[in-house]
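Only the coordinates and a few stated rules stand behind these numbers; no lab work does. Small disclaimer: the values here were computed from a predicted structure and weren't measured. All Cβ positions, even for glycine, are placed from backbone atoms using ideal geometry, and neighbour counts span all protein chains on display.
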Amino acid sequence: MPDHIRRVRDSLKSRLGGPTDSDVVGAPGSIQLRNVTAGYGGAPVFSRFDLHIEPGEFVYLVGPSGSGKSTLLKILFGTVQPEEGWVNVDGIAVHRLQHWQTDTIRRRVGCVFQTYELLGHLTSLENVLLPLQLAHPRTRHARQLATEALELVGLAGKLHDLPSTLSGGQQQRVAVARAIAHQPRVLLADEPTGNVDKDASAEIMELFGQLNENLGSTVVMATHDEYVLSRYPARAIRLQTLALKVVAS
């Protein structure tokens, strides 16, 4: 493609919120951070660190409270911008995205938030369906995908229930269904088993395992759940204040 045509195309993509060639680098499903310095709430969290996660890896983020697990996930999801450095997730230069371009990352990355982030006036099905329709407006089978995701997490009988009528564990399952409905290449999860019993934890981990093994999705999960860490061993990255290191593989 001639350079002048590429420049015009990239200009149009930029105006419309899409990634340009300079924004898309790295292998699909990979995660790379270089020389990243970041803080949250005015306090420094990370200083000049590098991280590389291969496509299709399953990785735990572990460490004490306040070590930056949630902040790192927010950086990867584009909701917190680093002060310095380079962040690439699934081929997207996340550190370059403007706030009006965040749909770019949401189309390709699923995220399970620690606080569920469900809309109280929407049913379980609608909570899963809404972001699916926004991120993939041309998807003809969005309702079917949302329904199947809820069935996978054991909520086939709760499709039309409001969050206020669900237990904490059931709300967490809705959040998991929302994150996996579009079969993302990268799944980020912040303490997804923190508010559920062991049986529900096992079901969630089995789902993540299927997504990782069958679809090749990269999974990055913050946890302090010793049961999960021992029952489902994987590479672990321990975070400490202003530091990051691999502690197991």
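Simple spin-label estimate for GLN210 and GLN81 gives 3.9 nm between the two label positions (7 Å along the Cα-to-Cβ direction from each Cα).
The equivalent ellipsoid of the stretch 118-182 has semi-axes of 18, 12, 9 Å, largest first, where each one is the square root of 5 times an eigenvalue of the Cα gyration tensor.
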